Amino acid sequence: MKINFINSLLLLLLFLVGCNKIELEDPPINNPVFSANVAFNNGENIFWEAGIDSFYMYTEYEYGADEIFRFIGRLEKENCTVDCNESLSIIFRNSVAIPQSEFKIEQAFENPRPPFSSNEIMVVDTVYEVDTTSVYRIFFDIDTTVTASTGQTFYEWFNGPEIVSSEMNPVLDFTNFPNSEFMLKVTELGFGDSCVVWQKQFLSTDPTDRCAVYIQPNYNVDFFLESLVAVADSGLDPFNLLWNNGTQQEINTGPFEPGFEYSVTLTDNNDCQSSAGFLFNDFVVSSTQAQCSANFDYEIEIITILDTVSTTIISAPFDSLQFSAVTIIYTDKNGNEFRSDRAGQNPGANFTINNVEEYELNEKGEATQKLEVEFNCQLWDGNLNVKNIISGNAIWGVAHPN
């Protein structure tokens, strides 16, 4: 009985257990292996995972004539027709140049390593092309008064036949010292009266070799022009004066006619010549005489001018110390490519490989490595517009020889 009772109890327990549902765990889901999580300084962020939203990790390698391996991983969309521009590439250089037959993957991702390449494509550098030129800087100064009753005064400076300034006291630069006459022409326009005066001088760097003459008009009490006086302002005495009417005196008493120009030439004892001219349109001015005269002095300085400062993009020689550097390339939705190797990085830029392990063969049958990396750096487009990666980490894949 006891045995029968025990057997009956066992049967009852088995029955009760068989009636309850047993919860089984869900089968495991394969998480994406490769991913990139990048934050930019403008608030833009990307978080891409291979196998999600059509992103795929492409892996390959290249071997150049310089015997340097380049291991490449690229995360981008496959088989898509919309928003296919976006991609992220990370390219690693091998740490040494070796024959392909002697390749060892263990040497490819050793730490420490230079963080970024700055010369894979080009180096952008500011080249200061400074051309120094010695010039004659001439400061002109009108040292006589030009007055009339009322009106406007106009100034013209000539170097030979060429007008070089319309200022009262210009400052002019000449690469070669002027070898033709300089002329100052002053025009005074008033109400019913006007006068035009001028002076010519040959410039000299030696003050003792200079000479100048100007014409001073004198009027009588009835405001009629009474005489023109040739005033020698500089030069070596004795002076020879010659008016255009043939007289050789200091004072020309006319007769004077409106609209006719009167001029005088001075030759000093060093054969330096200067000339001056006077032309008026009316004898009488309404209130005061038109005391028009033109005379100028000048100072000369020899100075050095820095002509040109330009920025030039130059190719840099390939540096073996950069063999193991990294290049990051980001392409945005609009197809704009930003690269880390278009200029030198800031000192705070960093690229760290935290883990490396073997991974399965890629679609080409090539061996691959899976890397865990973190980084921050600057990227530039073709116009050197900058985009800063303030933080980035990725689980990445690259191919390498078997």
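The values are calculated or read from the model by the stated rules, or taken from the named source; none is laboratory data. Fair warning: this is a prediction, and the values are worked out from it, not measured in the lab. A quick note on method: Cβ atoms are made from the backbone with ideal geometry, for glycine too, and the neighbour counts reach across all protein chains shown. Just the protein is used for accessible areas: all its heavy atoms, side chains included, with ligands, DNA and RNA removed. Shrake-Rupley method; radii C 1.70, N 1.55, O 1.52, S 1.80 Å.
Points to keep in mind about this one:
- Phi-derived couplings, Karplus 6.51 cos²θ - 1.76 cosθ + 1.60 at θ = phi - 60°, listed residue by residue for the stretch 262-279: 10, 9, 9, 10, 10, 10, 8, 6, 9, 6, 7, 10, 9, 9, 8, x, 9, 9 Hz, with x used for Gly and Pro.
- Maximal additional length on extending the PHE174-ASN41 stretch stands at 42.8 nm, based on 0.36 nm per residue less the C-alpha distance.
- Per residue accessible area of the stretch 37-76, 1.4 Å probe, in Å²: 48 Å²
- Per residue, the stretch 215-287 exposes an accessible area of 53 Å² to a 1.4 Å probe, with every protein chain left in place.
- When the solvent-accessible area of the stretch 324-402 is split by element, carbon and sulfur atoms take up 40 percent of it, the probe being 1.4 Å.
- Listed values for the stretch 224-229 are Karplus-derived 3J(HN,Hα) couplings in whole Hz (6.51 cos²θ - 1.76 cosθ + 1.60, θ = phi - 60°), namely 8, 5, 9, 7, 10, 10, and x replaces Gly and Pro.
- Residue ranges 170-183, 366-379 sort as 366-379, 170-183 when ordered by packing (mean number of other C-beta atoms within 10 Å per residue, highest first).
- For the stretch 189-284, the carbon plus sulfur part of the accessible surface works out to 51%, probe radius 1.4 Å.
- Per-residue 3J(HN,Hα) values for the stretch 238-244, derived from phi via the Karplus relation 6.51 cos²θ - 1.76 cosθ + 1.60 with θ = phi - 60°, read x, 10, 10, 10, 9, 7, 6 Hz in sequence order (x marks Gly and Pro).
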